[in-house]
1. Could you please find all residues in the range 36-57 being closer than 19 Å to residue 15 by Cα, under 11 Å from the mean Cα position of the chain (by Cα) and charged (D, E, K, R)?
2. Mind checking which residues of the range 38-71 are in contact (Cβ under 8 Å) with a residue 40 or more places away in the chain and under 21 Å from residue 16 (Cβ atoms)?
3. Out of the residues in the range 18-56 that are basic (Lys, Arg) and exposed (fewer than 12 other Cβ atoms within 10 Å of the Cβ), state the one that is modelled with the highest pLDDT.
4. If you go through the range 42-53 one residue at a time, do you hit one that is of a type outside the set (Lys, Arg) and not in a helix (DSSP H, G or I)?
5. Only residues that are open to solvent by 60 Å² or more (accessible area, probe 1.4 Å), among the aliphatic types (A, V, I, L, M) and modelled with pLDDT of 90 or more: list them for the range 1-17, please.
Amino acid sequence: GIEFIDSYVFNKAEYIRFNSTVGRYVGYTELGVKNAEAWNKGPQLGQEQAELERFCKPNAALHYRAILDKT
């Protein structure tokens with residue numbers, strides 16, 4: 001399967017991440033947890049899921065084919 005991860009970093013520390021396997025945002029700092037709660041209820045969650053369908057899945061299929069062609 002495909003796993004899409006979109007990390008948000010501030011001062012070299014990851015504070016929030018969208019993980020398509022989990023299907024939602026996860027916060028890693030106090031601010032990240034608060035943002036994750038809000039973003040999981042807002043339009044941001046749908047935008048991340050749309051990005052998985054729009055960009056990741058079609059490109060993954062191309063990469064898989066390229067790998068299989070080389071074997």
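1. Scanning the range 36-57 gives a single hit, 48.
2. Within the range 38-71, 48, 51, 52, 56 qualify.
3. Among those residues, the one meeting the criterion is 41.
4. yes
5. Of everything in the range 1-17, those that are open to solvent by 60 Å² or more (accessible area, probe 1.4 Å), among the aliphatic types (A, V, I, L, M) and modelled with pLDDT of 90 or more turn out to be 5, 9.
The values are calculated or read from the model by the stated rules, or taken from the named source; none is laboratory data. For clarity, every value in this text was computed on a predicted model and none was experimentally measured. All Cβ positions, even for glycine, are placed from backbone atoms using ideal geometry, and neighbour counts span all protein chains on display. SASA here: full protein model, heavy atoms, side chains in, ligands and nucleic acids out. Shrake-Rupley method; radii C 1.70, N 1.55, O 1.52, S 1.80 Å.
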